[in-house]
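> So that we are looking at the same thing, I have put the structure below in structure tokens.
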Amino acid sequence: MTIVAPTERAAPPEADLDHAVEVLRLLADRTRLAVLAMLDGTEMSVSAIAEALDRPAPAVSQHLAKLRAGRLVAARRAGTTVYYSQPDEHVAALVTNVLQHTEHTLYEAPPHHR
């Protein structure tokens, strides 16, 4: 039997780690995480998001502005309405993974396995 030593991996570059920490800080807010989960595979207006979350539109708009600055949402204007969506599959995967990890922590049979 041959024992293979684990390969050593270098830490990611400092700039990458700093950006990743900022992304996680944006996700570490209940409203922003809920918004991102709702936008999986669809787009919604501020008013639709606010109504679904039962939150004031100005508060939701502020959260969306932070998510947009962090490049976690994309925006499309149609007349006077702005529609928000997830910019790519990486954001969707990040949100899905954290929520599914949470389900594994909280439930004996996680809902996404049912």
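Taken together, the values in this text are just the output of simple stated rules run on the coordinates, not laboratory data. Quick caveat: nothing in here was measured; it's all calculated off a predicted structure. When we count neighbours, we look across all protein chains shown, and the Cβ atoms used for this are built from the backbone with ideal geometry, even at glycine.
> Calculate the length of the line joining the C-alpha centroid of the stretch 85-99 to that of the stretch 1-65, in whole Å.
Each part's Cα centre sits 7 Å from the other's.
> Using 7 Å Cα-to-Cβ label points, what is the residue 75/residue 23 separation (nm, one decimal)?
2.1
> In debye to the nearest 20, how big a dipole does the chain give about its Cα centre with +1 on each Lys and Arg Cβ and -1 on each Asp and Glu Cβ?
About 380 debye.
> Ok, one more. Could you tell me the convex hull volume per residue, in Å³, taken over the Cα atoms of the stretch 33-81?
Enclosed volume per residue, from the Cα hull, is 77 Å³.
> Choose one of 104, 80, 47: the residue whose Cα lies farthest towards the positive end of the charge dipole of the chain (beta-carbon charges +1 Lys, Arg; -1 Asp, Glu; about the Cα centre).
Farthest towards the positive end: 80.
> Calculated from DSSP H runs of 4 or more alone, at -39500 (n - 2.57) each and per residue, what is the 222 nm mean residue ellipticity of the chain, nearest 500?
Calculated mean residue ellipticity at 222 nm is -17000 deg cm²/dmol.
> Which order, highest average first, do 8-15, 96-103, 83-90 follow once you tally other Cβ atoms within 10 Å for each residue and take the mean per peptide?
Going from most to least packed, we get 83-90, 96-103, 8-15.
> Per residue, what volume in Å³ does the Cα convex hull of the chain take up?
Convex hull of Cα atoms, per residue: 162 Å³.
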